[in-house]
Amino acid sequence: MMSGVRRAVFASDLHLGSNPTLDDFTQDVEFESFLELPELTPSGNDRVELVLLGDSFDLWQAVSDGECHQEKAKRIDLAYVAASEAGRLDGVRAKHLRWFQALGRFAERPGCRLVVVPGNHDHSLIDPTVQARLAGHLGLAGSDRLSFVNFYENPMLRLYADHGNQYDHNNTYDDFARVDWSQDCRGYYFVKLFLNRIEYRDPRIDNSPSGWGAVWHWLRRTLDFTLLATAIRYFWQYSTDDRVPKPVTPFAARGVAEAIPQRGLLDLPAAPQLLVSGSSARSAERFFSADTVMEEFLREAYDASPEVRLAVNEILEAQEKHEGVRGTTRGTARRGVPRPKPSDRGRAGTRKPSTRRRPEVPRPLGRVRGVAATRGIAGPPEDVAWAENLFSDKPYFRDRLTPGAFQYVLFGHTHGALEHRLSNGAMYLNTGTWTTEGPGLPVAVAECPPGGTPTAKLFRFKNGRLE
């Protein structure tokens, strides 16, 4: 290698956790080997920065088994402070000690520096208390070999990088530099109140940004009606929890306007949001979901499974009570809904939810479900369209991604490793994730020789080298 090379190596979305079931990172040995690559062991005047580009730690999923077993969302504590987040990091270190030790050794080598960029799942790394705890765990307390930045800029490499969650409606922060559980992004509440409990019951369900819709595809494919009923019930609890400022929205993870669903971009279904939105949102055509495939599936599941009927009926009963549509002051029944029989009434005179079919729930249409029926948990979609939309819609990048400024922009977050040349000639790279099995682990490498031209390229770490 030429002496005096300046190099930056990027990896993101490792999602190290502490919960034995929810932890998605199993690459501790591979990561240790990765740090021994020639690209990360400089000599002479070479300088290397290893940039962990967000979601290195999954503090959202660093939770106890007791929390995952919790049947009532209201009993799940959403509040946190910097000290408790540091405590979660302690648990991550205890489970991945080898990873921490290897990373600490890397940063102590001559010519090496470690740069940590927070993402949404480890957003609390913006706080000095949490940063100090991580530095201590790495043996780098007070060292200038470790730095924390909210974004990474390198004029020599003509490169800008950040995690990318700020361009996702469901995972953006109004004030990125503030640690406040009550002002966290939409995804935090969704993961804590819904996804953690569902993934705990079926670990094949992933916590990627595409998980909002993919979990319902998975339940549709597996035909696990018990888990489906549980998911419907948990989604209702999440949707009605007054601690949630704003619910997650479909299609938002790829930067598409929330009000303009574009299935060609995502091809993922909406969850049963019309069911939980109340009677005013529903129609005969769209009772459960705005997605045609999910609408038909949930109708079929309602007919086929007493467990699903009970979960849906519980929601309908609760909505009727809240909306005051059970009848007039005289007790007349709502049109189309028969008056409950005395045997259906509880001690207080209100009807108990049952497994009986309610007449207002539309029956299946018997439509062919098509290709989507074969899908399970969706893999990360290529985010070419998202990159182009981002370039078009964000003046910051449109104005700076020029040959005279940044030629390269790097994000993680979407879990979809990608190298794509934008319409103005600049290069967009996504660092993917290390949590899924595939043809190697994605790594981006940018470098510039003395007096030379900077380059940046996406590689895969496999067979002990970058390919």
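Taking amide H atoms as placed 1.01 Å from N in the peptide plane, the amide H of Leu16 lies under 5 Å from those of Phe57, Asp58, each 5 or more residues away in sequence or on another chain.
Of the listed residues Phe106, Phe459, the order by accessible area with a 1.4 Å probe, largest first, is Phe459, Phe106. Relative to the current alpha-carbon distance between Ser33 and Arg75, full extension at 0.36 nm per residue lengthens the span by 10.9 nm. One decimal place: the segment Ala304-Glu388 gains 25.9 nm when fully extended, by the rule 0.36 nm per residue minus the C-alpha distance.
Each Lys and Arg adds +1 at its Cβ and each Asp and Glu adds -1 at its Cβ; summed about the Cα centre, region 35-121 shows a dipole of about 140 debye. Each of the peptides 23-31, 46-54 was scored by the mean count of other Cβ atoms within 10 Å over its residues; in descending order, highest first, they stand as 46-54, 23-31. Packing around the peptides 229-240, 59-70, taken as the average count of other Cβ atoms within 10 Å per residue, puts them in this order, highest first: 229-240, 59-70.
Charging the Cβ of each Asp and Glu at -1 and of each Lys and Arg at +1, and nothing else, the dipole of region 144-211 about its Cα centre rounds to 240 debye. Taking the average, over residues, of other Cβ atoms within 10 Å as the packing measure, peptides 71-83, 307-319, 115-127 rank 115-127, 307-319, 71-83 from highest down.
The values are calculated or read from the model by the stated rules, or taken from the named source; none is laboratory data. Not measured: the values here are computed from a predicted model. Backbone-built Cβ (ideal geometry, glycine too); neighbour counts: all protein chains shown. Ligands, DNA and RNA are excluded from the accessible area calculation, which covers all protein heavy atoms including side chains. Shrake-Rupley method; radii C 1.70, N 1.55, O 1.52, S 1.80 Å.
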